[in-house]
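Asks: Structure below; questions to follow.
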């Protein structure tokens, strides 16, 4: 009898203890998980994780779990993940890939949610267009950047150039004058990767051409101009293997008088301290042009759409977006933030990018951009290496692009 009573008391104690443990963690256990893939590193990763923690503490309906996927692995992992069950609920994408994954049926149509949100008109047209596929939203712009001309004031002055070039002819003349010894007057990234297509795109657009007119005299003139820079010693043939980060290092070391690069490298140049440089529009032929870079955040089809959307709209609140973009050398895609925040107006180099962001064009946007990009990369490589004339290289690129239409 005593043993039986003792057992009943112990059982009752365990039951009460167990119930107490469950009620204490019920909110966290009941929260629906939202897995988000990102490729952030350094300061951007640190700030992003802080915001994720804030979101998780601000409500108990959803719990965001972050997973780091290297930038060059995101496309592969998304493609492979469709064959299994390893897909996230939301994913940060290079904005140029948004349309391609939408066409593959991987991303959720967010059009109704975006329109009901009532804030879509606060986004710049360029970044917003990169999230569209067949006139529907399959993502939301998260951060933006663009390309500009970086110039070393001291090196240009020493070469007898009083102000940065505004036109192609002025660029060639200044670059030839500034090419002295181990210093080259000008450089762009012509590497066989998306970076090469990204950097060639502004020159193509400035000529008055586009992807639908690669065989035009305007398109040929843009590639001929760059090939002539190499032939005439104003730009090194080494640009065929140089990434944008490589150019930033050379510029910081005083080995380049001018380069094409993006706002994300401003922070790197600040580390040099003594560098006297400025930023302006890429010199033009017919009109100023730049290429838009950055990332969008998208929702994976058939996953936790409600939870992912709740997090996205929370994260893209102007105040939080400013926290995440202000210290990382990128620009918010929201007009209401970029035009009112003091951060991008007080830093002279960042301020120089504001009018450039306004004219920057999204690459494509097209579901076939990866193949189009490869065609541009090859044309650039072939023309600058002199394995083909600019006309031959672009004729070949045009044939590949035509097959995609």
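Asks: Can residue 294 be described as on the phi > 0 side of the Ramachandran plot and touching a strand residue (DSSP E or B) at 6+ places or on another chain (Cβ under 7 Å)?
Replies: On the way: on the phi > 0 side of the Ramachandran plot: yes; touching a strand residue (DSSP E or B) at 6+ places or on another chain (Cβ under 7 Å): yes.
Judged against the criteria, residue 294 is a match.
Asks: Same structure again: I'd like to verify a number: residues in segment 250-264 that are within 18 Å of residue 196 (Cβ to Cβ) and surrounded by fewer than 21 Cβ atoms within 10 Å (Cβ to Cβ), how many?
Replies: Summing the residues that are within 18 Å of residue 196 (Cβ to Cβ) and surrounded by fewer than 21 Cβ atoms within 10 Å (Cβ to Cβ) in segment 250-264 gives 2.
Asks: I'm checking my understanding of the structure. Among residues of segment 114-124 that are at pLDDT 95 or above and in a loop (DSSP other than H, G, I, E, B), which one is farthest from residue 291 (Cα to Cα)?
Replies: Among them, the one singled out is 118.
Asks: Which of (1) within 25 Å of residue 324 (Cα to Cα); (2) at pLDDT 95 or above does residue 127 not meet, given it meets every other one?
Replies: For residue 127, the failing item is (2).
Asks: State the number of residues belonging to segment 155-195 that are part of a helix (DSSP H, G or I), within 16 Å of residue 229 (Cα to Cα) and touching a residue at least 24 places away in the same chain (Cβ under 8 Å).
Replies: Number satisfying all stated conditions: 8.
Asks: A further question on this structure: Just checking, does segment 239-247 include any residue being crowded, with 23+ Cβ neighbours inside 10 Å, farther than 30 Å from residue 326 by Cα and modelled with pLDDT of 95 or more?
Replies: yes
Asks: For residues in segment 382-397 being in a helix (DSSP H, G or I) and in contact with a helix residue (DSSP H, G or I) (Cβ under 6 Å, 6 or more places away or on another chain), which is nearest to residue 295 (Cα to Cα)?
Replies: Filtering segment 382-397 for residues in a helix (DSSP H, G or I) gives 382-384, 390-397.
With the extra rule that they be in contact with a helix residue (DSSP H, G or I) (Cβ under 6 Å, 6 or more places away or on another chain), the set shrinks to 382-384, 390-391, 393-394, 397.
On the way: 382: 29, 383: 30, 384: 29, 390: 31, 391: 33, 393: 30, 394: 29, 397: 26 Å.
Applying the filter and picking the extreme gives 397.
Asks: Can you confirm whether segment 359-370 contains a residue that is within 18 Å of the chain's Cα centre (by Cα), part of a helix (DSSP H, G or I) and farther than 26 Å from residue 108 by Cα?
Replies: Yes, because at least one residue in segment 359-370 is within 18 Å of the chain's Cα centre (by Cα), part of a helix (DSSP H, G or I) and farther than 26 Å from residue 108 by Cα.
Asks: Kindly list, by first and then second residue, each pair from a residue in segment 40-69 that is under 16 Å from residue 30 (Cβ atoms) to a residue that is part of a helix (DSSP H, G or I) and modelled with pLDDT of 95 or more, limited to pairs with Cβ atoms under 7 Å and residues at least 6 apart or on different chains.
Replies: As it stands, the answer is 62/307; 62/310; 62/311; 63/56; 64/52; 64/55; 64/56; 64/311, since those pairs meet every condition given.
Asks: Something else now. State all residues of segment 227-266 that are in contact with a strand residue (DSSP E or B) (Cβ under 6 Å, 6 or more places away or on another chain), in a loop (DSSP other than H, G, I, E, B) and over 22 Å from residue 379 (Cα atoms); if no residue qualifies, say none.
Replies: Selection gives 255, 257.
Asks: Yes or no: segment 141-154 includes at least one residue that is buried (at least 22 other Cβ atoms within 10 Å of the Cβ), part of a loop (DSSP other than H, G, I, E, B) and in the same structural domain as residue 344 (by TED's automatic domain parsing).
Replies: Within segment 141-154, none of the residues are buried (at least 22 other Cβ atoms within 10 Å of the Cβ), part of a loop (DSSP other than H, G, I, E, B) and in the same structural domain as residue 344 (by TED's automatic domain parsing).
Asks: Okay, next question. Please count how many residues of segment 318-346 are in a loop (DSSP other than H, G, I, E, B), surrounded by 14 or more Cβ atoms within 10 Å (Cβ to Cβ) and free of Cβ contacts under 8 Å to residues at least 24 places away in the same chain.
Replies: Residues meeting the conditions: 2.
Asks: Name the single residue, out of those in segment 273-284 being over 14 Å from residue 202 (Cα atoms) and surrounded by 14 or more Cβ atoms within 10 Å (Cβ to Cβ), that is modelled with the lowest pLDDT.
Replies: 275
The values are calculated or read from the model by the stated rules, or taken from the named source; none is laboratory data. Quantities reported herein were computed from a predicted structural model and do not represent experimental measurements. With ideal geometry, Cβ positions are generated from the backbone for all residues, glycine too; neighbour counts draw on all protein chains shown.
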